[in-house]
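Notes to accompany the following structure.
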Amino acid sequence: MANHVAAEATPPAACLNQLKKQVLDAGLCVACGACVGLCPHIIFYDGRVAAPDDCGLSQGRCLDLCPQAPEPAQESKRRALHAQAGQTPAPPLGPHAGIWQARAASPDLAGRAQYGGVASALLALALEEGLIGEAVVTRGGQRGAPQGALVRDRAGVLAAAGSIYAAGGSLLALNQALAQETGPKLGLVGLPCQVLAAAAMKAHPSYPAAARRLGLVIGLFCTWNLPARGLRALLAAEGLQGPVKKYDIPPPPAQVFLVETEKETREIPLAKVREHTLAGCALCPDLTAELADVSIGAAEGRPGWNTLIARSAQGESLVKSALERGLLILETPPAESLDHLRAAAAAKRARAAQAWKER
Amino acid sequence: MNPAAKLYAEPLDIIITGVGGQGNVLASQVLGRALLKLGYGVTVGETFGLSQRGGAVMSMVRVVSQGVMGPLVPENRATAILSLEPLEALRVLGAYGHPQVVVLTNDRPLMPVNVIAGANRYPDMADLQAVLAELSSRLYWLPATDVALELGNPILANVVMLGALAASGLLPLGLPELEAALAEMFPPAKMEANRQALARGAALLA
Amino acid sequence: MADLSKLMPGETVLLQGNEALARGALEAGVAFCAAYPGNPSSEILESLADSAAGAGIYAEWSVNEKVALESAAAAAYTGLRAMASMKQNGVNVAQDFICNLTISGSGPGGLVLITCDDPSGISSTNEQDARFIARLADLPLLEPATPAEAMAMIKFAFELSEEIQNLVVLRSLSRLSHTRAGIVPGPLPQTRPKPYWDPKVNHATMPVVPLHAKMHEKLARAGRLMAAAGFNSYEGPQKPELLIIASGSSVLYAAEALQLLKAEDKAGILKLGATWPLPEELILDHLAKCGRVLFAEEVDPFLENEIKALYAQNAGRLGAKAFFGKATGHLAAIGENTPGRLAAAMARILGLEWRTVDEAYAKRSAELLAKLVPPREFGFCPGCPHRASYWAIKQTLAVDGRQGLVSGDIGCYTLGVLPTGFRRVNSVHCMGSGLGISNGLGQLGRFGFDQPVVSVVGDSTFYHSALPALVNARWNQSDYVLCVLDNSATAMTGFQPHPGTGRTATGQPGKQVAVESVCQALGLPYAIVDPYDLAATQEALYDALQQGGGVRVLIFRRLCALVQGRQGGHPYRMRVDAEACRGENCGCNRFCSRVFRCPGLTFDQAGGAAVIDEVTCVGCGVCAQICPAGAILAEPRKEAAA
């Protein structure tokens, strides 16, 4: 009775199929987590995003929110999102109201954090002031792979301080939090890809909860990232065992990746690290998280200090408030440092543009 | 021993169909045993294959006054189709039906998993009933599962359908012969439910 | 199955073909019966096992078909009548032994091999014609057409085997094995010989050439005895326009086709029941009387080709003939025969009009079926642990992200190639071959192959033929993950016991051989997981995939849902919270019913929410774990066993 077998119909342009084709299968995914948690079809485990089944839907948010989706092109999608926020792209550093070198005044923050503890200080302040009620941060999870976590107070912020050089899919936690249509304003600390996704969430007509609840976005500078498994493989290849206390990439010309464990601190040449980095990161033009309210990174040649960029009015007033309360120490950066930062940001843009061309 | 009554058709070819787990093979065995006891030549062909894994299942009960038939009813030559599931009645009609065929079917659909999954559509029940009527000379559209549930167990639908078949005039036997055959296969404790199922099935045609 | 030793001689009973074969063997005084389950052959040994106490015989489920036949041969060497039964694929497993057994001979006790072939592959992975073994190994071949003839033939088969001291092959078909008919049992023997093997007698294959010659003599003698046994006959006109040479169920189809065509006066049927060696004299005699010949047999053109070869030797004497069959396309070279197919072929040859039903009806019904009738896909049973296992495998290979492959094997879990197993199985061949495929893939890393490899094998198949491949993988350090889908039953063929269950064919306790004990003995790393626990299973599999190195084993252990159903059922009553269910809304799109595909979990279109089918759902609780909205609730069912 095979002649009565009907063919199974699959919609040709199902959104998830497109995400799979254009991003996941194309090796573009940077595991930001923007698509994870929206639906049961997209899963995240040990630092990887996967979609084993077809969702069968033609309308969905997963592809729209993906910062790595090839369409529209990076430049035009960023321009549109800036415009929506009433800003201009202002390359190479993005829109900014002020740029400082900064560190947290409180020694508990500065000591614990990656550089100057500025991100933690600002986030804790935003929570204390009620600017936001909860925040999504990234911290170590299962198998050492980072994952998103929701924090509500200073203690939670401190627990998540310090960089984890692996893709964390932490926007999963944001999507989960936004599944509640109403609730406190949410903060996010994220990488440039995640900041781009967060901006896309706020602007998406089918994601009203994001527009309503996403309050503060703190961006972190990023040149590239490692997949969780890649980081593990790197450490294993280096014979490093036991829990890692801290990772760092000292500013040029060091060209090394520092890994500090209980027993030792190891310098791994960056060339070796790059064998394990996420391929998709090469396509990202954004060094300084240009769509954030404030962006924070290392300060060149100045251990224990951050570079801080206030971008939006909200970001600016948060920095101001922190200064007034004596939580931050701000200094004007040397012109040379700013030049180097601009050059690095421009170089990342240029590398990404070239990489898209070569695809 | 020669059979007493003349058969409705020679050969009398009854196809019992349904879905794995509905008790199709059991129904065909009961019918076969009862007819054999009356002296008819009986062949019961069973196609179960992967039937326990949700597939369609079919038994062919072939009855002649004398001799032995092959296990397969020839294409488009079934005398009657007894179906434990309405969609399967139509499926079998396509291969074995003809304008004179008599169809008795349980009206309770069992959704194929591909229908559950949304890949295919189960036909509208009114359409299904109309089409079965169009493609047969007589259609008995029977609430066998409902009756079985009233009796306490949906699995009794097959015996309800046998009761209806006995009342249809197609068989050279009545309820007592079917009951005797059932008694060979079931412990006495289960016979009261079977007896009631037969009677309720026959009553559906009254 | 019933105890066939209790049947009353002379009293007609409705017996299945397989039961008729079993009863016939009992009447022939069989003492030793062994088999490996496989449809359509399983009921033979099942009914013999159920009759073992009553009839005083030994019946075992062997670990595979080769062991079954070897064991039966041993009994035959001691003078006992013995048999092994199997499906067509099993003959391949036993083939190596058969091709040597035929040289050594089978000893004083009759030895019979029953192969149940499955044209159209109704319950098989192929529709192989196992008659090849008779020609390959020069063994006598019997092909019964009806259950009654099957019973008579098996008795003859034992006598013939004892006469020629070689194995005799009896070939059944699904349509015979699974057909019930009125059977008149005969008496059972009251005595049997005491088994004895004279140590001065060897049953070996050397010297090969003289024994090969002896084997040919045996076959020739068998041919003479078979010709006189009355299983071959002709019915029809003295000088027919068409001679139909038929064997097996096709004999009945051919007779019915002639009736349908009302062509009994034009064509005659030469029914062959004793088919190999060919009854040459009989065939030549009939060829001489008719210019046109149609062959009706399933599946291969076995008689067709052999008889054409016989004709070629005698063509000068017989003159020109026209042969019809599979070679000419008058009958299909694949699939089953049916009365209609044969009638169409005969009509074409004889120039007769043939239509199964009037054209308008055929057209209308085809039209309505195409419009209204969806297929009814095979699927795992409600609560089947394999559905959960494949879910875990699918999810885990996806997050692993290295395009992992799954080698399948033979059992219910073969359905992993279908949507019910999320189409997650990449290859399926024969029993145990999944491990061989994995073994090969697991060595390709040296060439840059970087896809992880998973092998799935059922518990019964594990013992049947996975062991040598597993030892090989351990030895050569092949890199793959073996998942033993252990549902503690040979579920596909009817829940027969196997070494892991610790019970024997007759329900007696045997010594259990657990999968993990094999792993321990081989020094294999292994873990036991419960596939109903999706998260734990996925984590264990993910870890195993990341490990690399040699073969490592995960035992997915959970009782077959149907067996669990008989043992008190599952622990939960499932319920859908319609408020919480996201239904067809964006992001879910009926994830549970559309993707998970359990027949117990359906979708209420009107209500726009998933709903549990209470009649079908067994309450395994797995679907509650996949619902993204937590809308499927597993509530403990008080009366159930855990």
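The values are calculated or read from the model by the stated rules, or taken from the named source; none is laboratory data. Only a predicted model underlies this, so the values are computations on that prediction, with no experimental measurement involved. So basically every Cβ, Gly included, is an ideal-geometry build from the backbone, and we count neighbours across all protein chains shown. Heads up: the accessible areas ignore ligands, DNA and RNA and are worked out on the full protein's heavy atoms, side chains in. Shrake-Rupley method; radii C 1.70, N 1.55, O 1.52, S 1.80 Å.
For the reader, a short list of remarks on this structure follows.
- Checked against the criterion of being surrounded by fewer than 24 Cβ atoms within 10 Å (Cβ to Cβ), closer than 24 Å to C:E162 by Cα and touching a Lys or Arg at 6+ places or on another chain (Cβ under 7 Å), region C:50-62 has no qualifying residue.
Table: residues versus (1) away from chain C (no Cβ under 14 Å); (2) open to solvent by 50 Å² or more (accessible area, probe 1.4 Å); (3) not in a helix (DSSP H, G or I).
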position	(1), (2), (3)
A:P40	no, no, yes
A:G56	no, no, yes
A:K77	yes, no, no
A:A83	yes, yes, no
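- Leading residue by the ranking (nearest to C:S5 (Cα to Cα)) among those in region C:208-221 that are out of contact with any Phe, Trp or Tyr (no Cβ under 9 Å at 6 or more places or on another chain) and open to solvent by less than 80 Å² (accessible area, probe 1.4 Å): C:K218
- Checklist (1) within 14 Å of chain B (Cβ to nearest Cβ); (2) part of a loop (DSSP other than H, G, I, E, B) applied to C:S120, failing item: (2)
- Scanning region C:394-418 for residues being within 10 Å of chain A (Cβ to nearest Cβ) and within 17 Å of C:L482 (Cβ to Cβ) gives a total of 3.
- Segments classed as helices (runs of 4 or more DSSP H), wholly inside region C:338-450, with at least 1 members that are open to solvent by 10 Å² or more (accessible area, probe 1.4 Å) and among the hydroxyl-bearing types (S, T, Y): C:359-372, C:433-441
- C:P531 vs. criteria out of contact with any Asp or Glu (no Cβ under 9 Å at 6 or more places or on another chain) and part of a loop (DSSP other than H, G, I, E, B): yes
- Looking across region C:29-59 at every residue that is in a loop (DSSP other than H, G, I, E, B) and closer than 28 Å to B:Y40 by Cα, the one that is farthest from the other protein chains (Cβ to nearest Cβ) is identified as C:S41.
- Residue among B:G67, B:G118, B:G39 that is part of a loop (DSSP other than H, G, I, E, B), at the interface with chain C (Cβ under 8 Å from one of its Cβ atoms) and either surrounded by fewer than 22 Cβ atoms within 10 Å (Cβ to Cβ) or over 18 Å from the mean Cα position of the chain (by Cα) (or both): B:G118
- Count of region C:207-255 residues which are without any contact (Cβ under 8 Å) to a residue 40 or more places away in the chain and assigned to a helix (DSSP H, G or I): 6
- Selection count, region C:256-283, where residues are under 25 Å from C:L176 (Cα atoms) and touching a residue at least 60 places away in the same chain (Cβ under 8 Å): 13
- Boolean, C:L21 is away from chain B (no Cβ under 14 Å), out of contact with any Phe, Trp or Tyr (no Cβ under 9 Å at 6 or more places or on another chain), within 17 Å of C:I133 (Cα to Cα) and not β-branched (V, I, T): no
- Region C:363-375 residues that are at the interface with another protein chain (Cβ under 7 Å from one of its Cβ atoms) and under 14 Å from B:P86 (Cα atoms), paired with ones that are among the aromatic types (F, W, Y) and open to solvent by less than 70 Å² (accessible area, probe 1.4 Å) (beta carbon under 8 Å, 6 or more apart): C:P374/B:Y122
- For region A:202-231, the set of residues classified as over 22 Å from A:S120 (Cα atoms) and not in a helix (DSSP H, G or I) consists of A:H204, A:P205, A:S206, A:Y207, A:L226, A:P227, listed by residue number.
- Which listed residue is part of a helix (DSSP H, G or I), assigned by TED's automatic domain parsing to the domain that holds C:L48 and touching a Pro at 6+ places or on another chain (Cβ under 6 Å), from C:A134, C:A150: C:A150
- On the stretch given as region C:569-589, residues that are on the phi > 0 side of the Ramachandran plot and at pLDDT 90 or above total 1.
- Taking each residue of region C:588-608 that is more than 13 Å from chain A (Cβ to nearest Cβ) and within 22 Å of C:Q395 (Cα to Cα) and looking for partners that are of a type in the set (S, T, N, Q) and open to solvent by 20 Å² or more (accessible area, probe 1.4 Å) with beta-carbon atoms closer than 7 Å, six or more apart or interchain, yields C:P599/C:T616; C:G600/C:T616.
- Every residue from region A:79-132 that is of a type in the set (K, R) and modelled with pLDDT under 95: A:R103, A:R112
- Among the candidates C:G619, C:G568, C:G630, the residue that is over 30 Å from C:G523 (Cβ atoms), away from chain A (no Cβ under 14 Å), of a type outside the set (A, V, I, L, M, F, W, C) and open to solvent by 20 Å² or more (accessible area, probe 1.4 Å) is uniquely C:G568.
- Positions within region B:173-204 being assigned to a loop (DSSP other than H, G, I, E, B) and closer than 15 Å to B:A157 by Cα, in sequence order: B:L204
- Check on B:V73, modelled with pLDDT of 95 or more, in contact with a strand residue (DSSP E or B) (Cβ under 8 Å, 6 or more places away or on another chain), within 11 Å of another protein chain (Cβ to nearest Cβ) and in a loop (DSSP other than H, G, I, E, B): yes
- Candidates B:G45, B:G21, filtered to the one that is part of a strand (DSSP E or B), within 9 Å of chain C (Cβ to nearest Cβ), in contact (Cβ under 8 Å) with a residue 24 or more places away in the chain and not aliphatic (A, V, I, L, M): B:G45
- The lone exception for B:L90 - which of (1) open to solvent by less than 10 Å² (accessible area, probe 1.4 Å); (2) more than 8 Å from chain C (Cβ to nearest Cβ) it fails: (2)
- Filter result for C:R552 (over 25 Å from the mean Cα position of the chain (by Cα), modelled with pLDDT of 95 or more and of a type in the set (K, R)): yes
- Scanning region A:130-145 finds one or more residues that are within 14 Å of the chain's Cα centre (by Cα) and either surrounded by fewer than 22 Cβ atoms within 10 Å (Cβ to Cβ) or more than 27 Å from A:D248 (Cβ to Cβ) (or both).
- For region C:536-558, the set of residues classified as assigned to a loop (DSSP other than H, G, I, E, B) and surrounded by fewer than 18 Cβ atoms within 10 Å (Cβ to Cβ) consists of C:G548, C:G549, C:G550, listed by residue number.
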